[in-house]
Amino acid sequence: MTTTTTTLAFRLGTPDWERRYPVLIGETTVIGAVFRWHRDWLTLTSEGEHNLGRPEKGRRGVPQAAAQAAAAQVATEYAAGRITAMSLTDVTAAVPVLDGDVPLLHPRMPETPRNVETAQQVMTALAVHRWKPYTGFPGSDNPWWQECELCGWQGPRYWSHQRGRNGELPSTHRHPASAQFGAPAGCVGDTKVRELIAAYGQ
Ligand SMILES: [Zn+2]
């Protein structure tokens, strides 16, 4: 997928676990990354993070179009000499490593009373359902690195998908299958999940 601006052609690379798309020129020159955070799109370049706000109407709900539009801005900055190339590692979200207590909120989440209250409720629900978060609460619709305490699986989860719908309990199909974490069938199976998590009752 290549888009041409007046000055240079860029393309989006493969998104990482946080759904950040690297922005590339040619085969290997990385000039930044673009990603969605709640309803906004952000760019990450040698000048740091920059919030572009919500995409134009026709591009909302069409992540590829919104990503292309954000990437075009990065390419324009690069062509103008306002940013410099980076390494792919610089723009790729590292897998978080647990190091002591996890903060309540993700660093990008403002510490408003509402966010604090929501995060406390979510953290309590995660503990009940045996999930270990590796970072603070990023909001319901942003990828959140977690570990399944039933089988050891790790990966990004979205709270909006994890919580039960309409006040019901979450699905016992907790996460995708993964040979890497010894969970070939996707966690430990419905019966065991119900045994191990008291909230499901008997
Ligand atoms: Zn599991």
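The values are calculated or read from the model by the stated rules, or taken from the named source; none is laboratory data. Predicted model only: the values in this text are computed from it and were never measured. Here Cβ is always computed from backbone atoms with ideal geometry, including for glycine, and neighbour counts include all displayed protein chains. These area figures cover heavy atoms from the full protein model, side chains too; ligands, DNA and RNA do not enter into them. Shrake-Rupley method; radii C 1.70, N 1.55, O 1.52, S 1.80 Å.
The table that follows gives values for the structure above.
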| item | result |
| --- | --- |
| Sole exception among (1) surrounded by fewer than 16 Cβ atoms within 10 Å (Cβ to Cβ); (2) free of Cβ contacts under 8 Å to residues at least 60 places away in the same chain for residue 106, by number | (1) |
| Complete set of residues in region 63-81 that are open to solvent by less than 60 Å² (accessible area, probe 1.4 Å) and part of a helix (DSSP H, G or I) | 65, 66, 67, 68, 69, 70, 71, 72, 74, 75, 79 |
| Residue 67 being at pLDDT below 95, touching a Phe, Trp or Tyr at 6+ places or on another chain (Cβ under 6 Å) and not charged (D, E, K, R) | yes |
